[in-house]
């Protein structure tokens, strides 16, 4: 910035008839008035304030002078603009086959982006209230009190889970007891936890052992071997005590644990008879909902992981399933078998959706995110068949704690999301 430019700017601020390059000389015909300030003000006194017209002129003039002083090249202007996300085209750009497949969805379920931006900042309670109206989705506590309106399909799902988690029965195989005892001797960090675990008889009940193929029993045993459990405990403590963000929890704790539980110690553990994987864990933090399936007036929430079916394989029945999925995708919005156009999930049907939060993060927000996601999944399934499944399971992970969330669908189309177990 040059001094000439500053002088020119000051000349326009000071309301005087004198020229800018001519010094202001005090009038000697009248005695100077006393003032408490040693230097004159840059702006004129209140008694000589310019009228409204002059103030408007100054408001227009000052930014113009500043712009000339600093510079007005095009690159500077572009760099100061706020970046804006590019708008993704709706599925109207998909092939005609896609449009003809779900015409009602294209016309009746177009999303309102303006409301979505606003509702994304509204409270979770208000968003749940919106879902009750626009998606016929209610919310209830997962408490089976024996009432007749509690879904029987959900009861069958919960019974073995409650016996395992609430009563802590049959979580481990008896053949693992000695291995845990040996590990407790060599791991001083987790010695007490593993020693107490090995002495708890209820944990080693064989209640569920008969449900597993004896020839593959060792495979299930190795999924939660003591060394891996110790590794997860160390990573969880690191994330918790050093206040890691959600992304670190996902990378260091949640994904490794889900992958081991679902796939085993290697990708080829959970396989069919021909050695092909049956399910997979897909990180999907950037997966967005397809506009055709997003509930009207609902925020565009996302989830962190999807446990999805793996259609690929060499077995004849697996090839048949894969071919059927590919055939259906050709006429679907964004060529996706799911309610998202996320590339890794285009041909992998989502079985379980997972939303993660750090320890003590807002559980209500996580629940709303899952409800919006599951509501879109219901719309997608209802567009594909007249007999969609009656249950969609999901999981909320909050730091060290994992919670089952289940969305059910009645014959009349009403949905209820159960959470907290």
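Rule-based calculations on the coordinates, nothing more; no lab input. A quick note: this is a predicted structure, and the numbers were derived from the prediction, not measured. Cβ placement follows ideal geometry from the backbone for every residue including glycine, while neighbour counts extend to all protein chains displayed.
At a glance:
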item: Segment 358-421: relative contact order in percent, alpha carbon pairs under 8 Å with at least 6 residues between; result: 27
item: Overall form of segment 354-421 per C-alpha gyration tensor (a/c, 1.5; a/b vs b/c); result: prolate
item: Burial ordering of 339, 190, 244, fewest other beta-carbon atoms within 10 Å first; result: 190, 244, 339
item: Order of 280, 356 - criterion: other Cβ atoms within 10 Å of each residue's Cβ, fewest first; result: 280, 356
item: Fewest-first sequence of 198, 353, 265 by Cβ atoms within 10 Å of each Cβ; result: 265, 198, 353
